[in-house]
Amino acid sequence: MDFYYRQGHEKYFVSRIEKYGSTVVRINVPRGPFMVLDPRVVALLDAKSFPVLFDPSKVEKRNTLGGTYVASTTLTGGHRVCAYLDTSEPAHAKAKQMLLSLLHSRRDAFIPAFRSNFSSLLSVVEMQLKVGKGKPVDFNKLNDVAVYDFLGEAYFGARPSAFTPDLASKAGKWLLLQLCPLATLGLPMLIEEPLLHSVPLPPALVRGDYKALHAYFSAAGAAAIDEGEKLGLSREEACNNLIFATTFNSYGAMKLLLPGILTCISGDEKLHKKLAVEIRAAVAGAGGEVTLAALERMELTKSVVWEALRLDPPVKFQYGRAKADMLIESHDAVYEVKKGELLLGYQPCATRDARVFGDTAGKFVADRFVGEDGRKLLRYVYWSNGRETEDPTVDNKQCPGKDLGVLVGRMFLVQLFLRYDTFTVKVTNGPLGTNVAFTSVTKAPAA
């Protein structure tokens, strides 16, 4: 009741820190009794203890993606996909290498695909504001389609909406079925508890949706599937890994990241002006083109994205199971953990640690990561299931799309401030993150 309704996720963990006077605590966590047999975890709630979750020599990640709850493989075509595999399992290296190879081979498509899809999105925002005479325009709804089209075009050269017009909606339903045990949807508690938090919803509810996703990925992703086959995966393993990585990992994160960035920078016209000046100068210096080199010169823009990822990471829970008896250190003490115990890291507690980020740990500071001293703090940004200063490899569990996630955030700011001097939005709380609606935009003067 505390976790879902009385306190919510963050206050639930903060209150336990205060109750026990410790940032490493043994607690029970949801889900409900018919979903899991053992709800016990060791919660890691500070910046010092949290990184043990990144060490494959100390923690096992076999079937720990959802912590105490393991989703049915029926949702992934009968296969355990890369996110559920430990680095010690042979299929992990094959699947992750396929994903890393895909990202490398398609890197030149990222910027044009993003600009094309999000230019269209902002045109729709402007049209709806004009037609609606200032009535708020739901960004999240438009973003859900634009992000999925961007990912399909960037990864495979084919927009999902051109294949099946409502494929993003089908992807959202499949995603929600796996995430709803952690969410509250605003239904009465007496309905929501037995329906969402006590027993798994049957995969049959999204069987047709997953079939449509499989049809798109098997066709559009044929070249990536060929690469997976060369690495030793079956074509079905490769296809289901592509579906999961694109839809659960990439799409799931970006659905939350971009509204989160808007929330962080909303209402700050001085920051808008600084970002516009930096972004326009860098693009002008690149001959009017948005290039990777131009993006690298936008230091404040990069800092804003990292700060948004620090303050409100898209994926807030990380898990791992102790491979052996071990000692875990917090800032103040050392704790014994036994082999087989499940470790849970609630990331916002770690990335808002006042012992690292000071009095402003819980606040958005746009230029926090600017300059040499600012960049030293990047080792405490953990959104990618690893330190921001480290890179994903086949030997770790860091997100293969780590650099793309940051790039997307930067491209989003570029798209906004090449087009607008400032804007206003209305922010409300949603089941899995913030809901954002544009209420006005002030267009930049023509170049």
(request) Could you check, for region 406-423, whether at least one of its residues is under 23 Å from residue 138 (Cβ atoms), open to solvent by 50 Å² or more (accessible area, probe 1.4 Å) and not in a helix (DSSP H, G or I)? (result) yes
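Within region 364-371, identify whether any single residue is charged (D, E, K, R) and crowded, with 16+ Cβ neighbours inside 10 Å, and answer yes or no.
Within region 364-371, one or more residues are charged (D, E, K, R) and crowded, with 16+ Cβ neighbours inside 10 Å.
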(message) Of everything in region 15-36, what is open to solvent by 50 Å² or more (accessible area, probe 1.4 Å) and either touching a helix residue (DSSP H, G or I) at 6+ places or on another chain (Cβ under 6 Å) or assigned to a helix (DSSP H, G or I) (or both)? Give them in sequence order.
(response) 18, 19, 20
(message) List pairs: first residue in region 15-26 and in contact (Cβ under 8 Å) with a residue 12 or more places away in the chain and under 13 Å from residue 328 (Cα atoms), second residue open to solvent by 40 Å² or more (accessible area, probe 1.4 Å) and aromatic (Phe, Trp, Tyr) anywhere in the structure, Cβ distance under 6 angstrom, at least six positions apart or on different chains.
(response) 24/335
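In region 110-184, which helices (runs of 4 or more DSSP H) lie fully inside it and hold 3 or more residues that are in contact with a Ser or Thr (Cβ under 8 Å, 6 or more places away or on another chain)?
In region 110-184, the matching helices (runs of 4 or more DSSP H) lie at 139-156, 167-179.
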(request) Report, by residue number, each residue of region 62-89 that is free of Cβ contacts under 8 Å to residues at least 24 places away in the same chain and assigned to a helix (DSSP H, G or I). (result) 73, 84
(request) Determine whether region 301-321 contains at least one residue that is under 27 Å from residue 93 (Cα atoms) and among the small types (Gly, Ala, Ser). (result) yes
(request) State all residues of region 133-158 that are more than 17 Å from residue 110 (Cα to Cα) and aromatic (Phe, Trp, Tyr); if no residue qualifies, say none. (result) 139
(request) Please work out which one of (1) under 20 Å from the mean Cα position of the chain (by Cα); (2) surrounded by fewer than 18 Cβ atoms within 10 Å (Cβ to Cβ) is the condition residue 436 fails and give its number. (result) (2)
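Restricting to region 163-201, name every residue that is of a type in the set (Lys, Arg) and open to solvent by less than 70 Å² (accessible area, probe 1.4 Å).
If the condition is that a residue be of a type in the set (Lys, Arg) and open to solvent by less than 70 Å² (accessible area, probe 1.4 Å), then 170 is the only one that fits.
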(message) Looking at 65, 85, can you tell me which residue is among the aliphatic types (A, V, I, L, M) and open to solvent by 50 Å² or more (accessible area, probe 1.4 Å)?
(response) 65
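The values are calculated or read from the model by the stated rules, or taken from the named source; none is laboratory data. Note that the structure is a prediction, hence the values are computed from the model and not measured. Counting neighbours? That spans all protein chains shown, and the Cβs are built from the backbone with ideal geometry, glycine included. Note: accessible area is taken over every heavy atom of the protein model, side chains too, but ligands, DNA and RNA are not part of it. Shrake-Rupley method; radii C 1.70, N 1.55, O 1.52, S 1.80 Å.
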